[in-house]
Amino acid sequence: MNLAERLGYGSEERLLIIHADDVGVAHAANLAAFEGLERGSITCASVLVPCPWFPEVADYCRRHPEADFGVHLTLNSEYEHYRWRPLNSREVAPTLYDPQGYQWLTLEEACEHVTPEDGEWEFRAQIEAALAAGIDVTHLDTHMGTAPHAKFLAGYVALGVEYRLPIMLPRPDRRLLERAGLADVGPAIEERFGALEATGIPILDHLIFETAGPSPEGKEAMFKELFNNLEPGVTHFLVHPAKPSDELSALTEDAAYRARDYALFRDGSMREYVEGLGVRPIGYREIRDAYRAGG
């Protein structure tokens, strides 16, 4: 049974999660996500809780309780001149910290240095901080692939089960995960797949994460081709929308790509295109509520 069937749809129906990543990283990302959720084609989003712009997201969610927001669990802080720190203190979880006192710069460093215990403590702290701030958390997902890494996968799943939240975790697809630089995740998921299904936690049918595109101008055609070729079941499709600004340009070299995501999903045209293909856009709230209801 695929996830679409668990949600009460037909086995051949195609459902698409259009997900905004990295909300909270910058004011530009926040504004783009809010606009995309309210008037555009974004169906849900997730927030980086340790980032300085997290309070703006929390305020938005308190004023818009219908907003479909998850926690973008992170163990690394990848920008050279813009860094964030773990929520746990060094005394509680020392391996979370790099020599400069921030989260580790790269995924590889985080996976090398952070212990599974400290990683789970940090994930829990980020979830609890989001809940305490008034966010009706709908799901858990991962920043740059740390949470489902083989080292942290057990803790990631356990937190999803404990909080009764769906997690961004696809059915095993080694080729897809190898392209993401997570080659070891495939065998880890395959090894635990029976146990994962036994927990009842929702498992995504498909994941599309390679959305940077060859150029900002080529994104629209690439996205439409991906949507044309969706397979039955539930697909998680992620983008990184952010409004053009000096802040965004200073933050990242891919500012133009993020600005293009904003332009493409700020209105309803992409949603209308998807629906015209017979694809149903959904968010994680529907999945969470079905999970909690025993679906």
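The values are calculated or read from the model by the stated rules, or taken from the named source; none is laboratory data. The structure presented is a predicted model; accordingly, all values stated were derived computationally and were not measured. Cβ: placed from backbone, ideal geometry, glycine included. Neighbour counts: every protein chain shown.
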Test: Val57 is crowded, with 23+ Cβ neighbours inside 10 Å, under 16 Å from the mean Cα position of the chain (by Cα) and not in a helix (DSSP H, G or I): no
Tally of residues being of a type outside the set (Val, Ile, Thr), closer than 24 Å to Asp267 by Cβ and touching a His at 6+ places or on another chain (Cβ under 9 Å) across region 33-70: 11
Helices (runs of 4 or more DSSP H) wholly inside region 201-281 that include at least 1 residues being over 19 Å from Asp21 (Cβ atoms) and either in contact (Cβ under 8 Å) with a residue 24 or more places away in the chain or in contact with a Pro (Cβ under 6 Å, 6 or more places away or on another chain) (or both): 219-228, 246-251, 269-276
Matching entry among Ala263, Ala242 (being surrounded by 15 or more Cβ atoms within 10 Å (Cβ to Cβ) and within 18 Å of the chain's Cα centre (by Cα)): Ala242
Residue within region 81-96 that is within 19 Å of Ala212 (Cβ to Cβ), of a type outside the set (Phe, Trp, Tyr) and either surrounded by 24 or more Cβ atoms within 10 Å (Cβ to Cβ) or in contact (Cβ under 8 Å) with a residue 60 or more places away in the chain (or both) present: no
Segments classed as helices (runs of 4 or more DSSP H), wholly inside region 107-179, with at least 1 members that are touching a residue at least 12 places away in the same chain (Cβ under 8 Å), buried (at least 21 other Cβ atoms within 10 Å of the Cβ) and of a type in the set (D, E, K, R): 116-132
Some residue of region 33-47 being among the acidic types (Asp, Glu) and farther than 24 Å from Asn88 by Cβ: yes
Options Glu38, Glu12: the member that is out of contact with any Ser or Thr (no Cβ under 8 Å at 6 or more places or on another chain), surrounded by fewer than 23 Cβ atoms within 10 Å (Cβ to Cβ) and without any contact (Cβ under 8 Å) to a residue 40 or more places away in the chain: Glu38
Within region 68-80, tally of residues that are surrounded by 16 or more Cβ atoms within 10 Å (Cβ to Cβ) and more than 15 Å from the chain's Cα centre (by Cα): 2
Options Thr235, Thr199, Thr211; residue that is out of contact with any strand residue (DSSP E or B) (no Cβ under 9 Å at 6 or more places or on another chain) and either β-branched (Val, Ile, Thr) or modelled with pLDDT of 90 or more (or both): Thr199
Selection within region 282-294 - over 20 Å from Leu226 (Cβ atoms) and not in a loop (DSSP other than H, G, I, E, B): Arg285, Glu286, Ile287, Arg288, Asp289, Ala290, Tyr291, Arg292
Filter pass, Gly181 being closer than 18 Å to His236 by Cβ, modelled with pLDDT of 80 or more and within 17 Å of the chain's Cα centre (by Cα): no
